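Enquirer: Quick one: the structure is below, questions incoming.
A short reminder: the numbers here are calculations on the coordinates, not readings from a lab. Small disclaimer: the values here were computed from a predicted structure and weren't measured. Cβ placement follows ideal geometry from the backbone for every residue including glycine, while neighbour counts extend to all protein chains displayed.
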Amino acid sequence: MEEKNVDMNSVNLLVSILLCYPAIGTVSFDPKDNTLRLVFMMQKFSLPQELQKFVALLQESIRSYLYLQGKSADILSVTTDLQGNIIFMNVNRDIATLSQGEIKLICELVNNHFGAVLVREQGSESEGEPPVQEELIDGILSNIKLGSCTERMMGIREEGRVMVFNMLGQEKTAHV
């Protein structure tokens, strides 16, 4: 069987996002529709209308941020799903108009609103130097916008490590 070259741009993007933003539980890249999905996990709380209001606030905040940047989103969706006692909030964004600043805005809004109920791995608060990771994210996003990434990938944080898998289930790389 022929081995494919690993797409390091998407691997590095997913790793950098997870290292820089511990509120994000998983992140995935889909080259078919050129989107990035950020997944936040929260303990179930008793006010579903609060979650609906937050989703509307988040979407409006992203649109306002993009407007101030002179852009508009091709793909912007925020969905929620309850599985057991965990609420999953999925933020889907097109890579073409996504920036590190927007990812930071999303994470700050989620942290400020749901910080007490966010599910985070123990010790995930102090990874790396955020400014270095943030600069790296913008650079990698610029490269990916050129259309060089062809593999569906997902990054997760588990037992103090960040791991990236292709969506076919083969582990591509693991970083501490």
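Enquirer: Could you pull out which residues in the range 32-53 have an amide N less than 19 Å from a spot 7 Å beyond the Cα of Ile75, following the Cα-Cβ vector?
Expert: Label zone hits: 32-40.
Enquirer: Could you calculate the contour length gain from Asn85 to Ala116, that is, 0.36 nm times the residue separation minus the distance between their Cα atoms, to one decimal place in nm?
Expert: 9.7 nm is the gain from fully extending Asn85 to Ala116.
Enquirer: Quick one: compute the contact order of the range 39-89, relative version, from alpha carbon pairs under 8 angstrom and 6+ residues apart, as a percent.
Expert: For the range 39-89, the relative contact order is 55 percent.
Enquirer: Sticking with this one: Once Lys and Arg get +1 and Asp and Glu get -1 on their Cβ, which of Tyr67, Ile17, Gln100 lies farthest toward the positive end of the dipole of the range 1-108?
Expert: Tyr67
Enquirer: Under unit Cβ charges (Lys, Arg +1; Asp, Glu -1), what dipole magnitude, rounded to 20 debye, does the range 13-84 have relative to its Cα centre?
Expert: 80 debye
Enquirer: Give Lys104/Lys145; Lys44/Lys71; Lys53/Lys145 a once-over and call out the pairs whose C-alpha atoms are over 23 Å from each other.
Expert: Those over the limit are Lys44/Lys71; Lys53/Lys145.
Enquirer: Now a separate question. Just how large is the dipole of the range 9-144 about the Cα centre, in debye to the nearest 20, putting +1 at every Lys and Arg Cβ and -1 at every Asp and Glu Cβ?
Expert: Using only the charged Cβ atoms, the result is roughly 360 debye.
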